[in-house]
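First comes the structure, then the notes that go with it.
The values are calculated or read from the model by the stated rules, or taken from the named source; none is laboratory data. As the structure is a prediction and not an experimental result, all values here were calculated from the model. Virtual Cβ from ideal backbone geometry, glycine too; neighbours counted across all protein chains shown.
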Amino acid sequence: MKKRLVLLAVVLMFAMTAAAQDTPKMETFLGYTYVRATPATNAPRFSANGGGGQFVYNLNMYLGAVADLGAVHNGDLGGRQIDTTTANFLFGPRLSMRFRTMRPYFQVLFGGVYMASSTQVTALVDPSLPIVLPGVTPGAAITARVSAGQTAFAMTAGGGLDLRINKHVSFRPIGLDYYMTRLQNLRTLGDNTQNNLRYTAGFNFTFGAQ
């Protein structure tokens, strides 16, 4: 048993040493993003799809600094014809374990989120009004689009796995994060915490070497 443990330790040491020789100075990730959102109110949960990118500057073999930008969209929020787009801008540390063919990582990011929502409303012009706007017929329906936006605190905590294709390209089958936002409830004007789940997948590109 001890011999097997020693052998395993030696194999891991050589794998990590070989990977250290190929540690990139910078990395760029581009891919798909899925968010399962859980509002703090009685509003139903909803899904949103989009994309995002990450830029990583590696300080050493294990530690890197991450900038994470992305956006997701839902065109019919809660079946109420509310069009919603949410964009994130997050920054923080990443801890990586580098092997020859794969790289698991863990990260905690902090920053902000911007949400823009809009919906179409229809109203009837009161026929009893003495003055109406040019081109507006009393009793006719007027349609307009109402929109609102806000910026709030956000954070993610999670990790993922990169599978190496060649020296400069890796495939990421999964990146999974707890995604917390503090968007204001526009109905009650109170701050709420939304506990969401974020999934990402795509390709990671590396540049330079340490």
Check your understanding: Counting only residues that are touching a Ser or Thr at 6+ places or on another chain (Cβ under 8 Å) and of a type outside the set (Ser, Thr, Tyr), which one in the range 93-105 is nearest to residue 183 (Cα to Cα)?
Key -> 104
Review point. Do we have any residue at all in the range 102-118 that's in contact with a His (Cβ under 6 Å, 6 or more places away or on another chain) and part of a strand (DSSP E or B)?
Key: no
Point to revise | So residue 50, is it touching a His at 6+ places or on another chain (Cβ under 8 Å), part of a strand (DSSP E or B), within 21 Å of residue 180 (Cβ to Cβ) and modelled with pLDDT of 90 or more | key: yes
Check your understanding: Just wondering, is there one or more residues in the range 149-157 that are among the polar types (S, T, N, Q) and either at pLDDT below 95 or in contact with a Ser or Thr (Cβ under 9 Å, 6 or more places away or on another chain) (or both)?
Key -> yes
Review point. Going by the conditions given, is residue 64 out of contact with any Asp or Glu (no Cβ under 8 Å at 6 or more places or on another chain) and either surrounded by 18 or more Cβ atoms within 10 Å (Cβ to Cβ) or at pLDDT 70 or above (or both)?
Key: no
**Study point:** Check on residue 77, of a type outside the set (Lys, Arg) and modelled with pLDDT under 90
**Key:** yes
Review point. If you check residue 160 against the conditions, is it at pLDDT below 75 and either loosely packed, with under 13 Cβ neighbours inside 10 Å or touching a Leu at 6+ places or on another chain (Cβ under 8 Å) (or both)?
Key: no
Study note, to complete from the structure: With criteria (1) among the aliphatic types (A, V, I, L, M); (2) at pLDDT below 90; (3) farther than 29 Å from residue 83 by Cα, residue 102 comes up short on (2)
